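Working notes, structure below.
The values are calculated or read from the model by the stated rules, or taken from the named source; none is laboratory data. From a predicted model like this one, the values you see are computed outputs, not experimental measurements. When we count neighbours, we look across all protein chains shown, and the Cβ atoms used for this are built from the backbone with ideal geometry, even at glycine. Areas reflect the complete protein model, heavy atoms only, side chains present, ligands, DNA and RNA absent. Shrake-Rupley method; radii C 1.70, N 1.55, O 1.52, S 1.80 Å.
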Amino acid sequence: MTTEPPTGLKSNMLRLYNYFTDEQFQRNCGAQPQMYRTLLFSLCYFHSILLERRKFGTLGYNVVYDFTYSDFEVSESIIRMYLDEISGGVEAIPFVTLRYLIAEASYGGRVTDDWDRRVISTYINQFMNPKTVNEERYLLSAADEYYVPSEVATLAGLKEHCKNLPITDPPEAFGQHSNADIASQIANSNLLLENLINVNATLARGGGGGGSNTKVQTIEERCLTILASLEEPSKAAIPTLIDYESIYEATNEDRASALNTCLLQEIQRYNILLKKIHRQKKELRAAVKGEIVMNDELDAIFNSLLVGRVPHSWTSAYPSTKPLASWSVDLVDRIDQMKLWGQRTPKVFWLAGFTYPTGFLKSLQQQQARRDQISIDQYGWEFLVLPSEDRTIMNAAKEGAYVRGVYLEG
């Protein structure tokens, strides 16, 4: 039996309150019950926000963090300890100290990115301040449903309030724009479809009754057919290795060129990928025929090919979300660019066709810095969108380079 972690602000906040018993809750309230209930609710909301913000991907955090209940538990004890020590009103609460210990020490101890740390500090400044205690129904976000229920005095009442929160979290609850939810919905949809594909493939492989042998054989034949489609003369055939030695000799006269260095490094990366693909194709074909034992790596490739997905081991050189058919055609185009570049420098570069586009951009800066005898750190980038298509460009750029394959997202 496994316990699935809750999803959504409502479920997360309910789970946190369920950790408390009535006796423990009353004991923790101490001499400042109203202040404790208010700050505890803000802390529960803060913890839930940090957990659920991960669903926005890179729009949520630069680095994904695993915040746990222990972080909440330590922060709750900090609030309780300081409230037990004060004897005055709200002005006696050391909010600066509380915010630092919670955001920078308790939760911040896991955070490695400065921008993510700033996000957490912004949240804690909004959720834990004098207005949180003084104002009635203090809003915790732009969404009106999320406020501090200052009039609720019992644990059961707080749980009931959490149960009435929206089932679907609006992006405004996180301080995000409504468009940010699109990335989360796409990721959830992709995960659902991926699970359906995996279940379908498992059922197809497992079969049932006396006809299972026929189904397994059919799947093996299908795998061999897919492997054959990745061979010549198909346009999606996995290319042969690039002749690194001949291109190295051809560029020997201009060895100081940073672009030639970039070309050779790209060829090395692609050749490593191509060697791996050709080797695994050969091994998988032998494994399907029963000539060798199918290990875990080959089994993963086998399952991916059956559902038209690019095997994970084939995406080591560059990331891609394309299905297998279009990915193999894309790989052919990438290799063709490298082969043509080995013959002559292109007038227009396909930026998306590099395994490491940043290396190409740095090579351009380095080449220009050597030409002008200026430090490379002093160069920036200017982008000029040309109204013409790349095939109409007759000459290479005098400074920088013409590139294609750049897209704007948003």
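In table form, for the structure just shown:
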| item | result |
| --- | --- |
| Added length on full extension, which subtracts the Cα-Cα distance from 0.36 nm per residue, Thr261 to Lys282 | 4.4 nm |
| Sum of side-chain charges, Phe174 neighbourhood, beta-carbon under 10 Å (Lys, Arg +1; Asp, Glu -1) | -2 |
| With every protein chain in place, the chain: carbon and sulfur % of accessible area (1.4 Å) | 53 percent |
| Charge tally in the Cβ shell below 15 Å around Gln366, where Lys, Arg are +1 and Asp, Glu are -1, Gln366 excluded | 0 |
| Mean shadow area of the chain over all directions, Cα convex hull, nm² | 29.4 nm² |
| Mean Cα-pair separation over length for the chain, i.e. relative contact order, pairs under 8 Å, 6 or more apart, % | 12 percent |
| Local net charge near Ser150, Cβ-Cβ under 9 Å (Lys/Arg +1, Asp/Glu -1) | -1 |
| Residue-averaged [θ]222 nm for the chain, counting only DSSP H segments that reach four residues, each worth -39500 (n - 2.57) | -17500 deg cm²/dmol |
| Sorted peptide list for 98-105, 385-392, criterion being average Cβ within 10 angstrom, highest first | 98-105, 385-392 |
| Positive-end residue of Thr225, Gly60, Thr315, charge dipole of the chain with Cβ unit charges | Thr225 |
| 20 Å Cα-Cα threshold exceeded, pairs from Lys275/Lys339; Lys10/Lys55; Lys276/Lys362; Lys347/Lys398; Lys10/Lys159; Lys276/Lys347 | Lys276/Lys362; Lys276/Lys347 |
| Surface per residue (accessible, 1.4 Å probe) for the chain, Å² | 57 Å² |
